Amino acid sequence: MKMQVVTLDNKAAGEITLDPAIFGLKVRKDLLHRMVEWQRSKARAGTHKTKTVSEISGTTKKPWAQKGSGRARAGSLRSPQFRGGATIFGPVVRSHEVGMNKKVRKLALKIALSSKKADGTLFIIDSAKMDKPQTKKIVTFFTKNGWDRPLIIDGATVDEAFAKAARNIMYVDVLPQIGANVYDILRHKQLVLTKDAVAALEERLK
């Protein structure tokens, strides 16, 4: 499974062979959906909270007599039927995280990479390094290739000059290979990997 490699100057830089066990798997939408749900649930803070009867500030005095007034009996002004009272079955602080096997998560990442290869939206560049930040150069490179919402994944680290130039462009993200994840890969239209990223991902996922 070979792919063309280009430089940031849009010049050919040879070919690279991709591992079919990582970039050539059958796309499983059910697994991708599970993985995205796992990521989004894990990202939720879970800090939402409403007060119960025991947490409401207020008098403990009985509002009115049990009998004789003609009104419904009431024992506390902190009850939910009164203004400023408690909330029944309201949200509490909790974790929204759901369980997902590590092997399944690894498979989902492989399938996400394979889906981009199958769609023809996977591209390989020689490197993502610049001597100094030049946003115009990156915009020109993206425009010539027809990329409008790419995710660029580099090797172990991200070049600071390239990252600084790319962060001025809307809908463009730059990640190190350890940050590669299913949600970001799927939400971007194109996936752009450096040669270092390909080597690192194949080592990580083999």
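Listed residues THR194, THR143; which is buried (at least 22 other Cβ atoms within 10 Å of the Cβ) and among the hydroxyl-bearing types (Ser, Thr, Tyr)?
Selected residue: THR194, the only one of THR194, THR143 that is buried (at least 22 other Cβ atoms within 10 Å of the Cβ) and among the hydroxyl-bearing types (Ser, Thr, Tyr).
Per-residue answers, yes or no, for (1) touching an Asp or Glu at 6+ places or on another chain (Cβ under 6 Å); (2) of a type outside the set (A, V, I, L, M); (3) surrounded by fewer than 16 Cβ atoms within 10 Å (Cβ to Cβ); (4) outside the structural domain of ALA197 (by TED's automatic domain parsing):
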| residue | (1), (2), (3), (4) |
| --- | --- |
| SER79 | no, yes, yes, yes |
| ALA86 | no, no, no, yes |
| ARG105 | no, yes, no, no |
| ILE124 | no, no, no, no |
| LYS137 | no, yes, yes, no |
| ILE153 | no, no, no, no |
| VAL158 | no, no, no, no |
| ALA161 | no, no, yes, no |
| ASP173 | no, yes, no, no |
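For ALA13, indicate whether it is touching a Ser or Thr at 6+ places or on another chain (Cβ under 8 Å), in the same structural domain as LYS129 (by TED's automatic domain parsing), at pLDDT below 95 and not hydroxyl-bearing (Ser, Thr, Tyr).
Yes; evaluated as a whole, the condition is true for this residue.
Among the residues of the range 83-124, write down those that are touching a residue at least 24 places away in the same chain (Cβ under 8 Å), in a loop (DSSP other than H, G, I, E, B) and basic (Lys, Arg).
Scanning the range 83-124 gives a single hit, ARG94.
Within the range 27-38, is even one residue among the basic types (Lys, Arg), surrounded by 14 or more Cβ atoms within 10 Å (Cβ to Cβ), out of contact with any helix residue (DSSP H, G or I) (no Cβ under 6 Å at 6 or more places or on another chain) and assigned to a helix (DSSP H, G or I)?
Scanning the range 27-38 turns up at least one residue that is among the basic types (Lys, Arg), surrounded by 14 or more Cβ atoms within 10 Å (Cβ to Cβ), out of contact with any helix residue (DSSP H, G or I) (no Cβ under 6 Å at 6 or more places or on another chain) and assigned to a helix (DSSP H, G or I).
The conditions are (1) part of a loop (DSSP other than H, G, I, E, B); (2) farther than 29 Å from LYS42 by Cβ, and THR140 fails exactly one of them. Which is it?
Every listed condition holds for THR140 apart from (1).
For the range 155-206: of the residues being in contact with a helix residue (DSSP H, G or I) (Cβ under 7 Å, 6 or more places away or on another chain) and farther than 24 Å from LYS102 by Cβ, which is modelled with the lowest pLDDT?
Ranking the qualifying residues of the range 155-206, first place goes to ASN168.
Taking the stated definitions as given, is PRO63 more than 30 Å from ALA118 (Cβ to Cβ) and out of contact with any strand residue (DSSP E or B) (no Cβ under 7 Å at 6 or more places or on another chain)?
yes
The values are calculated or read from the model by the stated rules, or taken from the named source; none is laboratory data. None of the values given here were measured: they were computed from a predicted structure. With ideal geometry, Cβ positions are generated from the backbone for all residues, glycine too; neighbour counts draw on all protein chains shown.
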